[in-house]
Structure formats: C-alpha cells, structure tokens
C-alpha cells in the first residue's frame, strides 16, 4: 500500500517486485522504501527552510544563483566562506583564498598558466 507522498521510484519498485512474484523480497524492502521516502520529505522541508533563510539573511545569494550551475547550497556556502568581501582588494585574491589558483608551467622564456590547482 502506498501513501499520498509515495514517490514514483517506490511505486515502481513495489510494482515490479509484486509483478515478478517477489512477495518476500517486497516485504523486506518496503521498510527501506519508507525510510527513503521519509528522508526525501525531510530534505524537501530543509530545502524550504534554507531557501527562506537565504531570502531573509543572504539576499546576495540571488545574484550568485543567476550563474549557470550555482544553486542554493553553493551560493550560501560561498557567501559564508568568503564572509566580508571587502577584505579582498582584487577578485583574484578570492580565488587564491579558496585555493583555486592557476597552475604554472615555467621554463626559459615561457610562462604558461594552466588549469586551477585547487590547492592554495
């Protein structure tokens, strides 16, 4: 039996196991599916709470979230990690602070900047 909040995944698993005649396995896995559904609901509630907090306390998150691939958690993490942005004199200093500095390949007259090192 499924509740109103049963996910499509849980319904599919239950249906497949039932159709294949795996009633014993279905009985064993049903509590696991219930836990998964419960955790998913808790995640949704926490995301709503974080969304509300971000809107109230960190409105600058909206600017960061306009960047493709930057979501709620990334924007809040960035803002909380950086703290006061005015402490950095240049934008490049932020990357260095985070340990995201370009790798260098120097030899003779050549000085190439390569991918970031992810280590300050």
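Here are some notes:
- Candidates 51, 62, 37 - the one that is surrounded by 11 or more Cβ atoms within 10 Å (Cβ to Cβ) and in contact (Cβ under 8 Å) with a residue 24 or more places away in the chain: 37
- Test for residue 41: is it modelled with pLDDT under 95 and under 30 Å from residue 84 (Cβ atoms): no
The values are calculated or read from the model by the stated rules, or taken from the named source; none is laboratory data. In this text, all values refer to a predicted model and were calculated from it rather than measured experimentally. FYI the Cβ positions are ideal-geometry reconstructions off the backbone, even for glycines, and counts take in every protein chain you see.
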